[in-house]
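*Asks:* Quick one: the structure is below, questions incoming.
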């Protein structure tokens, strides 16, 4: 009898040790990234969802690997237990990392619960622009996803309150787009006009009468949603044959020592680039804003911020272009980092004739950092390689593809 009891206890103990939650606890503490990700995914469908969610949320604060985080978001979205979901929502704003808060808002929104929607509304006032932008982008889906009219009204009122005073151009723009999508109206950042209009529109919002009285216009006043500048084939600025359609652009140009050598065409490479760059800038009209970064061992920016393509600014930029010699090594990482710090830029054009040779030179690390920097910025990155022994077309292609851009090699 004693042996039977002992064997039963041993079997039960082994079962407990083999449970997905026990395994996840151990693996999250000591496992490799791929093992941690698998352990989290193994919790999907685990019957004690609240306990599993508690373990995963406790680990989340110290997790740094993107693939493991993807598994965590997948697991949290899979939760069905009401108490587990509420626990996730309650913890959103306890995390210091802005990306974590933003991703948890996406998780909360997927629950389609009042608690999740309230968390998204709270996200509009978060200290981090990435979180505010994410909240606004989620709210913009409310009508298509048939969220309640009561929630839409609450969201519109909150957007009217916070949007005009948001100091970040990206999150403010996301809020303005959300307002336009929900209401069909655009009063810019004028809170007074929004409030005056909403006082009249709110009672009939969500009814057939609203659609009859307030017809949605063709677009937003003063805002081009995709940031493209309307162009014609004859007048569009071009750089090495590629049209520049984004109206906020930074040219990131390699001026390392090798740029002073001759290209396959027989001309000095930097002379060719100067000519192309000057012609592109001359072709810009006042709708464009631009900047220039020259990089070699160090990194030099023409102006602190994007400048309007006025006659005076274009003249000053051309003088800057003509005065830069070719010297030094190739700091691609530093140049991209500086370019992506700009608050307005929508297009970066990177040109090089070589590979990274100073600063961070690991190409995988450069790609990883750019992906991280660009997660919420969504800047298009086009790359141009000057054909030669040193240039790496595959690296430039991957850099462009991962950031919604184009890549080409020129002679």
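Values in this text are rule-based calculations from the coordinates and carry no lab data. All of these numbers come straight from a predicted model, not from anything done at the bench. For neighbour counting, all protein chains shown are included, and Cβ atoms are generated from backbone atoms with ideal geometry for every residue, glycine included.
*Asks:* From a point 7 Å beyond the Cα of residue 167 in the direction of its Cβ, which residues of segment 113-155 have a backbone N at a distance under 13 Å?
*Replies:* Under cut-off, by backbone N: 127-129.
*Asks:* Just report the Cα centroid separation between segment 143-165 and segment 63-127, whole Å.
*Replies:* Segment 143-165 and segment 63-127 have Cα centres separated by 19 Å.
*Asks:* According to a simple spin-label model (label point 7 Å from Cα along Cα-to-Cβ), what is the distance in nm between residue 196 and residue 30?
*Replies:* Taking the simple label geometry, residue 30 and residue 196 are separated by 6.9 nm.
*Asks:* Starting from the Cα of residue 311, step 7 Å along the direction of its Cβ; do the same at residue 78; then give the gap between the two resulting points in nm.
*Replies:* Distance between the two pseudo-spin positions: 6.5 nm.
*Asks:* Using alpha-carbon positions, what is the distance between the centroids of segment 319-342 and segment 184-210, in Å?
*Replies:* So the separation of the two Cα centres works out to 47 Å.
*Asks:* Ok, one more. Would you calculate, for the chain, the mean residue ellipticity at 222 nm contributed by helices, counting each DSSP H stretch of 4 or more residues as -39,500 (n - 2.57) and dividing by all residues, to the nearest 500?
*Replies:* About -15500 deg cm²/dmol.
*Asks:* When a/c is below 1.5 the answer is rounded, else prolate if a/b is larger than b/c, else oblate, so apply that to segment 45-116 with a ≥ b ≥ c taken from the square roots of the Cα gyration tensor eigenvalues. Write out the running numbers ahead of the final one.
*Replies:* Values: a/c = 1.59, a/b = 1.21, b/c = 1.32.
The shape class here is oblate.
*Asks:* With a 10 Å cut-off between alpha carbons and a GNM built on the chain, which of 394, 99, 166 moves the most?
*Replies:* 394
*Asks:* I've got another one for you. Helix 149-162 versus the longest principal axis of the chain: what is the Cα-based angle in degrees, 0 to 90, to the nearest 10?
*Replies:* 50
*Asks:* Another question about this same structure. Calculate, for residue 215 and residue 115, the FRET efficiency according to 1/(1 + (r/R0)^6) with r their C-beta to C-beta distance and R0 35 Å; round to the nearest 0.05. Before the final figure, lay out each step's value.
*Replies:* On the way: r = 35 Å, r/R0 = 0.99.
Taking R0 as 35 Å, the efficiency between residue 215 and residue 115 is 0.50.
*Asks:* Just subtract the alpha-carbon distance of residue 265 and residue 364 from 0.36 nm times their residue separation and send over the number in nm, one decimal.
*Replies:* 32.5 nm
*Asks:* OK, next. How high is the FRET efficiency from residue 66 to residue 341, r the C-beta distance, R0 35 Å, rounded to 0.05? All intermediate terms of the calculation are to be shown ahead of the outcome.
*Replies:* On the way: r = 21 Å, r/R0 = 0.61.
With R0 = 35 Å, the Cβ-Cβ based efficiency is 0.95.
*Asks:* Mind giving me the FRET efficiency for residue 278 and residue 411? R0 is 25 Å, r the Cβ-Cβ distance, nearest 0.05 is fine. List each step's numbers first, then the result.
*Replies:* Values: r = 19 Å, r/R0 = 0.77.
Result of the calculation: an efficiency of 0.85.
*Asks:* Further question on the same structure: Considering the values (i) 32.1; (ii) 20.4; (iii) 26.5, which represents mean projected area of the Cα convex hull in nm² as calculated for the structure under consideration?
*Replies:* (iii)
*Asks:* Suppose we take every Cα in segment 238-410 and form the convex hull; what volume per residue is that in Å³?
*Replies:* On the way: hull volume 16.8 nm³, N = 173.
Convex hull of Cα atoms, per residue: 97 Å³.
*Asks:* What percentages make up the Cα-Cα pair-distance distribution of segment 54-199 when the bins are 5 Å wide from 0?
*Replies:* Over segment 54-199, the share of Cα pairs per 5 Å bin runs 2, 10, 21, 20, 19, 12, 9, 4, 2, 0 percent.
*Asks:* Which angle from 0 to 90°, rounded to the nearest 10, does the C-alpha axis of helix 98-110 make with the longest principal axis of the chain?
*Replies:* Helix 98-110 sits roughly 60 degrees off the main axis of the chain.
*Asks:* How do the peptides 354-361, 140-147 rank, highest first, by the average count of neighbouring beta carbon atoms within 10 Å per residue? Mind showing how you got there, number by number?
*Replies:* Numbers: 354-361: 17.2, 140-147: 14.2.
My ranking of the peptides, most packed first, is 354-361, 140-147.
*Asks:* Compute the long axis of helix 82-91 from its Cα atoms, compare it with the longest principal axis of the Cα atoms of the chain, and write down the angle in degrees, 0 to 90, nearest 10.
*Replies:* Around 40 degrees separate the two axes.
*Asks:* Which order do the peptides 379-385, 192-198 come out in when sorted by mean C-beta neighbours inside 10 angstrom, highest first? Mind showing how you got there, number by number?
*Replies:* Details: 379-385: 23.1, 192-198: 15.3.
Taking the mean over residues of other Cβ atoms within 10 Å, the ranking is 379-385, 192-198.
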